[in-house]
Structure formats: C-alpha cells, structure tokens
1. Please go through the stretch 13-39 and pick out each residue that is touching a residue at least 12 places away in the same chain (Cβ under 8 Å) and exposed (fewer than 14 other Cβ atoms within 10 Å of the Cβ).
2. Identify the single condition in (1) in a loop (DSSP other than H, G, I, E, B); (2) surrounded by 10 or more Cβ atoms within 10 Å (Cβ to Cβ) that residue 3 does not satisfy, given that it satisfies every other one.
C-alpha cells in the first residue's frame, strides 16, 4: 500500500495565508526531533514572505 503525506504547504486566501508543516511518524521516531523538524519546515516557508 502506498499513500502520500503533504509535509509542507501554503494556502493563499484573499487577505491571509495558512502555512502548515508535518511529518511521517514511525515506530522509532523521536517526538522532540519530529517537532523540531516541523518547526524548521514551517520556518523555511515563512521566510518566503520576508
């Protein structure tokens, strides 16, 4: 079985935008590392707006 997970996205609306970041968590994932990775992903998207 295969499926896709959107790990970075930006949704643009008329006056606002929504940024999201995610990850694929597996059995041996570290919650702290996954959180930090998501933060880095979201931060890189936000840099596009500077």
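Every number in this text was worked out from the coordinates using simple rules, so none of it is lab data. Because the structure is a prediction, the values reported are computed rather than measured. A quick note on method: Cβ atoms are made from the backbone with ideal geometry, for glycine too, and the neighbour counts reach across all protein chains shown.
1. Those that are touching a residue at least 12 places away in the same chain (Cβ under 8 Å) and exposed (fewer than 14 other Cβ atoms within 10 Å of the Cβ): 17, 24, 39.
2. Failed condition: (2).
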